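The structure under discussion appears below in the form of structure tokens.
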Amino acid sequence: MTYLKLEVTMEKSVVLVIGFWLLLLGNGVQSHRQDKKHQSLPRDQSYRTGYHFQPPKNWMNDPNGPMYYKGVYHLFYQYNPYAAVWGNITWAHSISYDLVNWINLDIALSPGDPFDINGCWSGSTTFLSGEKPVILYTGSDTMNRQVQNLAEPKNLSDPLLRKWVKSSHNPLMSPVDGIDPKNFRDPTTAWQGPDGFWRVLVGNEMDGHGRALLYRSQDFITWSQSKEPIHSSTRTGMWECPDFYPVSIDGKNGVETSSLDKFTKHVLKASFDNSDHYVLGNYTAVTDKFLVDTDFLDNGSDLQYDYGNFYASKTFFDSDKKRRILWGWILESDNTTDDVKKGWSGLQSIPRTILLSKTGKQLIQWPVEEIEKQRTIKVSFENKELKRGSVLEVSGITASQADVEVFFSLSSLKEAELMDPSWVNPKLLCSQKTTSVQTNVGPFGILVLASKDLTEQTAIFFRVFRSEDNYVVLMCSDQSRSSVEEGPQKTIYGAFIDIDPLNEKISLRSLIDHSIVESFGGEGRACITARVYPKLAIDNQAYLYAFNNGTLDVNISTLNAWSMKDAQIVSSTKRRKPNLN
């Protein structure tokens, strides 16, 4: 058992906390789907997840300051303690030993000082010398200006870091010299250059263009703005929640944020247009110059973490397992009235590892390995032929809470439909070529959260097109038939995947959890997350199918599907209301 191993290696204080965690579980703590009475939520909670992280109730948005400290994973997040709508924003705080099961602690940061009286907004954590974690966050001050503030742990010997103290020097960075005070937020994790100075980026917009402002400090208190942003774009608006970190060129392990290893590339991520976009490039620490390989939205390039519902993400370096982990906020796709009715809004994605692809042209994402411990009942089969127009039920698991992985192989691609050069927008192409539109190679894939008669279904599928010198693989996530209800958004998402279908199988992994479907195509080369709200295909009335509506047969080389057990998400104490006066 993992906890027994931890007892051998961790210091005494952590062992006591683990004992507390086991005590909670031993006393029959329920999952956050089951614990309706404690949550004071409405009875009908069909859309509440089983193994994704979400607070007991109310509003949640951006993940903030995730980190690994003294054997404990920490996740802070934007939270409204009073309602299922945005407002009264605090930093809520939860801890875990495995990134799956969580203990909710008291709120870490609450509005109450002149520099954050109107909200403690997004930010990051950084480890200073001596492995001291600190928080940089945006505060909305008495004049509703956005300023950057510092908070420090009250007790470093507490591995849970339950108490945080705001610096008497706040605010550390203010919107001066023409910086728009309404568009100056979300400081990154800081990194240290060869000169010993710390660097941090802050999201900004100037004249309608997105920028990442660069600041430097020797003592982490007094910061000076660089004359030039580390990067900017004339093709985008405001950059929210920027992130800047190195990735290893060999792609084997994650890299610590301040690493200056020459065998790395740097990632600059910016959240805009309701998506998380990124660019790759080379960062020179001595001059603080960042030269991108291909810029944001340049020449049709559009690298995104996720081509679906995924925003305001944040990464951290896991020093224990030498990996970089990504969290993302998954918004609701219904309306505010529905959110208030069900008593909550917002999820966090399953944490994902990030590596640079072998080609060096994009990132690869994959669910953390710990989530596989939630797998229970398994069904599998191999070498199953999907004839034209066939639909194959995958039975024997709980289809509303499942993990599905499938590999498709194609015997011939000579008859694949010719790719039109004007088809440059995969989302638009998926909207035009839904599951009902038949081509030679595709659509084929899976139908999740489907009703028995397929009246409701969310389709994740592929098509293969032929161009002059190669093949193009299109991945789609189609929510157009996800619910018989009229209210929810039913967006269709799409992405092109860098796969050679002649020489490799087309793979798909989907994590299904009642109202969220996270899909990973091409072993993580393209990710699409969807929120769906079926009326018929809920709980034990949800079904899973594989299908092929192309004219050519498709072979399922391997399909594995598991029921997923609930995560345990519990509260250590009853939340105290923050001081908002």
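The values are calculated or read from the model by the stated rules, or taken from the named source; none is laboratory data. Just so you know, these numbers come straight off a predicted model, no measurement behind them. Every residue, glycine among them, receives a Cβ derived from its backbone with ideal geometry; neighbour counts consider all protein chains shown. Accessible surface areas use protein heavy atoms only, side chains included; no ligands, DNA or RNA. Shrake-Rupley method; radii C 1.70, N 1.55, O 1.52, S 1.80 Å.
Worth a mention:
- Over the chain: helical MRE at 222 nm, DSSP H runs n ≥ 4 each giving -39500 (n - 2.57), nearest 500: -2000 deg cm²/dmol
- Gained length - SER275 relative to LYS182, 0.36 nm times residue gap less alpha-carbon distance: 31.5 nm
- Helix 12-26 and the longest principal axis of the C-alpha atoms of the chain enclose an angle of approximately 40°.
- Using only side-chain charges placed at the Cβ, +1 for Lys and Arg and -1 for Asp and Glu, the dipole size of region 375-564 relative to its Cα centre rounds to 220 debye.
- Total charge dipole magnitude, region 340-380, about the Cα centre, Cβ charges on Lys, Arg, Asp, Glu only, Debye to nearest 20: 180
- Long-range amide H partners of GLU456 with built H, under 5 Å: SER451
- Global geometry of region 117-201, whether rounded, prolate or oblate, following the gyration tensor of its Cα atoms and the 1.5 cut on a/c: oblate
- Length-normalised contact order of the chain in % [C-alpha pairs under 8 Å, at least 6 apart]: 15
- In order along region 162-177, the Karplus-derived 3J(HN,Hα) couplings, from 6.51 cos²θ - 1.76 cosθ + 1.60 at θ = phi - 60°, round to 6, 10, 10, 10, 6, 5, 6, 8, 5, x, 7, 9, 10, x, 10, 6 Hz, and Gly and Pro are given as x.
- For region 58-367, the gyration tensor built on C-alpha atoms gives a rounded shape. Its axis ratio a/c (a ≥ b ≥ c) stays under 1.5.
- Net charge over other residues, Cβ less than 10 angstrom from the Cβ of ARG162 (K, R count +1; D, E count -1): 0
- In the assembled protein chains, LYS132 presents an accessible area of approximately 60 Å² (probe radius 1.4 Å).
- Accessible area per residue was computed with a 1.4 Å probe on protein heavy atoms; ARG145 scores about 70 Å².
- Other residues lying with their Cβ under 13 Å from the Cβ of ASP293 contribute a combined charge of 0, Lys and Arg counting +1, Asp and Glu -1.
- ASP158-SER412 FRET efficiency (beta carbon distance; Förster radius 56 Å; 0.05 resolution): 0.35
- Average Cα contact separation per residue, region 298-338, under 8 Å, 6 or more apart, as relative contact order %: 34
- Taking amide H as placed 1.01 Å from N in the peptide plane, the amide H of TYR245 sits under 5 Å from that of VAL267, each at least 5 places away or on another chain.
- Distance (nanometres) between label positions extended 7 Å along Cα→Cβ at ARG388 and SER422: 2.8
- Charge tally for MET238 (other residues, Cβ to Cβ under 11 Å; Lys, Arg +1; Asp, Glu -1): -2.
- Near the amide H of THR558, within less than 5 Å, lie the amide hydrogens of ASN383, PHE407, all on another chain or at least 5 residues away, with H placed in the peptide plane.
- Look at the alpha carbon pairs under 8 Å that are at least 6 residues apart: their mean separation over the length of region 341-484 gives a relative contact order of 15 percent.
- Spin-label pair ASN470-ILE377: with each label point 7 Å from Cα along the Cα-Cβ axis, the two points sit 4.3 nm from one another.
- Estimated FRET transfer efficiency (LEU128, ASP98; beta-carbon r; R0 25 Å; 0.05): 0.40
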